[in-house]
Amino acid sequence: MYQVLFKRLEGNEELALPARMSEWAAGFDLQAAVPAPVVLAPGERKLIPTGFAMAMPAELEAQIRPRSGLAYKHGITCLNTPGTIDADYRGEVKVLLVNLGQEPFTIERGERIAQMVFQVVPAVSIKESSELPDTVRGAGGFGHTGV
C-alpha cells in the first residue's frame, strides 16, 4: 500500500480531505475550496482550488478526472482529462473545469467537483533505434482498425 500525505492549506480547515465515496471506488472525490460561489457560464473554463497540497511516492501519479454526475446532469467536465499531478509537485491541487452545458453552473464551497485516481508509473527507459520490429498493424493510424 502506498501512503500519500495531504496538507490542508490555511483557511480550508473545515473542508474534507479527498475521500472515496464507496468501498470499491477508484477515485477520491475533490471539493471546491472557493471562498465564494463561482459561476461558470456555458463555454467558460476556470481553475478551481481544492484547498490542499500533497506528497506521494515517486512511483505514483494522481489523475484528475470528471465526476460523471456533473458531466451528465450539467455538462461540467475537466479539461486536459485526465490531468496529471506528478509526484514531485507540492503546490495546491487545482481542477480545470469547463461548462459544456447550456446553462450557467454555480460552484459552491465544499461541492464535489472532480475525482482523483492514483496510478503506478512504470519505470521506463528510452533507447534510440534506427529500426523498429514489424507488426501486423504497422504504421496504420487513426481509423485503421475500422472504428
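The numbers here are math on the coordinates, done by the rules we state, and not lab data. Remember, it's a predicted structure, so these values are computed and weren't measured experimentally. Using ideal geometry, Cβ is built from the backbone for each residue, glycine included, and neighbour counts are taken over all protein chains shown.
Enumerate by residue number the trypsin sites (Lys or Arg not before Pro) in region 3-36 meeting two conditions: DSSP loop (anything except H, G, I, E, B), and at most 13 other Cβ atoms within 10 Å of the site's Cβ.
Passing sites in region 3-36 are R20.
What aspartates and glutamates sit close enough to K46 to cross-link, taking a C-alpha to C-alpha distance under 20 Å and skipping anything fewer than 8 places away on the same chain?
Correct list for K46: D29, E92, E103, E108, E111.
For Cα extents along the principal axes in Å, one of (i) 42, 37, 22; (ii) 57, 39, 29; (iii) 48, 35, 28 was computed from the structure I shared and the rest are decoys. Which label?
(ii)
For K127, give me every one of the lysines with a C-alpha distance below 29 angstrom, ignoring sequence neighbours fewer than eight places off in its own chain.
none
Once you've got the GNM for the chain with C-alpha springs shorter than 10 Å, pick whichever of A114, A123, A26 has the biggest mean-square fluctuation.
It is A123.
What's the extension gain from V117 to V39 if we count 0.36 nm per residue and subtract their Cα-Cα distance?
Extra length available between V117 and V39 comes to 25.5 nm.
Restricting to Cα pairs below 8 Å that are 6+ residues apart, what does the relative contact order work out to for the chain? Please round to a whole percent.
Reported relative contact order: 30 percent.
Need the full-extension length gain, T84 to A26, defined as separation in residues times 0.36 nm minus the C-alpha distance. One decimal, nm.
On the way: separation 58, 0.36 × 58 = 20.88 nm, distance 1.57 nm.
So the chain would gain 19.3 nm between T84 and A26.
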